[in-house]
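Here's the structure we're looking at; comments come further down.
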Amino acid sequence: MIDRLMDKIDKMKNPTVVGLDPLYDMIPEKIKSEMLERYGKTPKAVSEMFVEFNKGLIDSFYDIVPAVKPQIAMYEKYGVDGINAYIETIKYAKEKNMIVIGDIKRGDIASTAEAYASHLEGVEIEGEMFDPWNTDAVTLNPYMGFDAIEPFIKPCNERDKGMFILVKTSNPTSVQIQDLESPMGDIDLKHIFTLERTPRVYQYVAKLVNEWGKLAMGKSGYSKVGAVLGATLKHTFYSDDVIRKEMRRLMPNTFFLIPGYGAQGAGAKDIKDFFDKDGRGCIVNSSRGIIAAYKNNSKYSDDNFGEAAREAALAMQVDLKI
């Protein structure tokens, strides 16, 4: 997966992933009224709105954007119909030859973790293999340690899949856990000039992700085990540029998924230190800044929401030429 993703990014010259995270209020009125008339005021109607909206968006940018990242919670909210919309969205993106990152943020152990790994591995029934999710990669929560990660390693190696593990996030209260002192583990911080500080949880997690990544390396020199790092990091210590450079140094062979661009406040200058010396090693996510762009630009309307999304994606591509 990581080699395919990097190849698409290089060919398109665009390290962008679009978050397909639709909300009911984002749906153009024409699509909304059509589905309400057809299915009534039901979860089925909203789910069909999402599929129609997502297909229009994908049609508008599949040739310039390498990947999409649907957040499963937006679909689960509407029950089985919503899950079907999630699967249908992924299927359509794959038909357009896009890389799909399933934003599921799972994190459990034993048989539960193995079941979650079906998002990458598929399922076997009486000798027949099925891949109901069809995602190329997923997001994971490492709070329960390697037991929550290990079942996903096998499909990374055997089925060329990938994962992105939460390391340092943007939400304000993340520091309550991620910035706690973490005396355990041998973390080499000699390259950081704040050496007097005790290592923090997120630094230890970064080191673990780097180690886990050695179990599923791609041909490009980057691992199929990636990291999620918020573009607008919240932290107790260090300046923004130091923490970003530190993450790259702690995880030199780890590909970064960077959410938080655009509507959440981050720009290219905020994330340039996440990239490696060759300007590679990252994919940057924008969700509502692209998919709801038509709502923020008076020259666009419900009828050309796709054109607005494409313009926003092109503007982001230009901005990320850092």
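The values are calculated or read from the model by the stated rules, or taken from the named source; none is laboratory data. Just so it is clear, the structure is predicted and the values come from calculations on it, not from any experiment. Positions of Cβ are generated from backbone atoms using ideal geometry, with glycine treated the same way; all protein chains shown enter the neighbour counts.
Only residues in the range 23-48 that are free of Cβ contacts under 8 Å to residues at least 12 places away in the same chain count as the first member; pair them with residues that are among the acidic types (D, E), Cβ under 7 angstrom, at least 6 apart or cross-chain, and list the lot.
Y39/E48
Give the residue that is farthest from D131 (Cα to Cα), with candidates limited to residues of the range 75-103 that are of a type in the set (A, V, I, L, M) and surrounded by fewer than 21 Cβ atoms within 10 Å (Cβ to Cβ).
Taking the candidates together, the pick is V80.
Going through the range 79-115 one residue at a time, which ones are touching a Pro at 6+ places or on another chain (Cβ under 7 Å), of a type in the set (D, E) and either farther than 18 Å from F53 by Cβ or at pLDDT below 95 (or both)?
The answer is E114, and nothing else.
Just for helices (runs of 4 or more DSSP H) wholly inside the range 190-295: which have at least 2 residues that are at pLDDT below 90, crowded, with 20+ Cβ neighbours inside 10 Å and of a type outside the set (A, V, I, L, M)?
240-250
List pairs: first residue in the range 110-129 and assigned to a helix (DSSP H, G or I), second residue surrounded by 14 or more Cβ atoms within 10 Å (Cβ to Cβ) and among the polar types (S, T, N, Q) anywhere in the structure, Cβ distance under 6 angstrom, at least six positions apart or on different chains.
H119/T135
Examine the range 35-42 for a residue that is surrounded by 19 or more Cβ atoms within 10 Å (Cβ to Cβ) and at pLDDT 95 or above, and state whether such a residue exists.
yes
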